[in-house]
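The values are calculated or read from the model by the stated rules, or taken from the named source; none is laboratory data. Just so it is clear, the structure is predicted and the values come from calculations on it, not from any experiment. In this analysis, Cβ positions are derived from the backbone assuming ideal geometry, glycine residues included, and neighbour counts consider all displayed protein chains. Heads up: the accessible areas ignore ligands, DNA and RNA and are worked out on the full protein's heavy atoms, side chains in. Shrake-Rupley method; radii C 1.70, N 1.55, O 1.52, S 1.80 Å.
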Amino acid sequence: MRTLECIKAISTAVYVTCDHVVWAGGAGAVDKRSTLYKVCDKLSLMGWAAGSALMAAGHVPDLIANTRALRDPLASDNKRDDDADEWELREELEEKTVAAALDVASGLTQALFALSLLGTTPLKGRQMQCVGLAMGIVGVMRQLVSVPLPPEKTGMGRLGRLPISPSMPMLR
């Protein structure tokens, strides 16, 4: 995992650095016909795609572990369904699972979009718009997962978060 994090950091650094040159080209400070601009344009998209794909890959083990843990605790027949602490722990685990799933989805949609802009995928026009829309929806959902409810509405969910899983009271 350490290697994955290092490569992701390098990819992100390449993306940010080259994207500044691309923005400078958009502002007229760098000639868009220059080799520098063309190379940085490609490297920027490659760095974005690689960083996003590696972000998704980094969250897959968490998603798998959380999904396995969700299946196991209540699988045995000797557990009581009315244990409040157990259900709170399960809800917290469900939140972590949803957050990991959204991180994986976000990374994959961003990587696909960057590769489409690079021209390495057959997506064109409306298909790219759909990927962009999905990327935006996943981004909004990622933000909603981490937003605590105001104090007066804490009763809507036991953990004081927006309802995001089937076991939470608002969605039962």
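Miscellaneous remarks
- Some residue of segment 154-170 being farther than 25 Å from LYS38 by Cα, among the β-branched types (Val, Ile, Thr) and at pLDDT 70 or above: no
- Segment 112-137 residues that are among the small types (Gly, Ala, Ser), paired with ones that are assigned to a loop (DSSP other than H, G, I, E, B) (beta carbon under 7 Å, 6 or more apart): SER116/LEU123
- Residue check, ALA13 part of a helix (DSSP H, G or I) and within 17 Å of LEU108 (Cα to Cα): no
- Within segment 21-47, the set of residues being within 23 Å of ALA9 (Cα to Cα) and open to solvent by 50 Å² or more (accessible area, probe 1.4 Å) comprises TRP23, LEU36, LYS38, VAL39, ASP41, LYS42, LEU43, MET46.
Results for (1) open to solvent by 50 Å² or more (accessible area, probe 1.4 Å); (2) modelled with pLDDT under 90; (3) farther than 23 Å from ARG2 by Cα; (4) not in a helix (DSSP H, G or I), shown as yes or no for each residue.
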position: ALA69; (1), (2), (3), (4): no, yes, yes, no
position: GLU86; (1), (2), (3), (4): no, yes, yes, no
position: GLU92; (1), (2), (3), (4): yes, yes, yes, no
position: GLU95; (1), (2), (3), (4): no, yes, yes, no
position: LEU102; (1), (2), (3), (4): no, no, no, no
position: LEU112; (1), (2), (3), (4): yes, no, yes, no
position: THR120; (1), (2), (3), (4): yes, no, yes, yes
position: LEU123; (1), (2), (3), (4): no, yes, yes, yes
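- Yes/no for ALA134 being modelled with pLDDT of 90 or more, under 29 Å from VAL39 (Cα atoms) and open to solvent by less than 60 Å² (accessible area, probe 1.4 Å): yes
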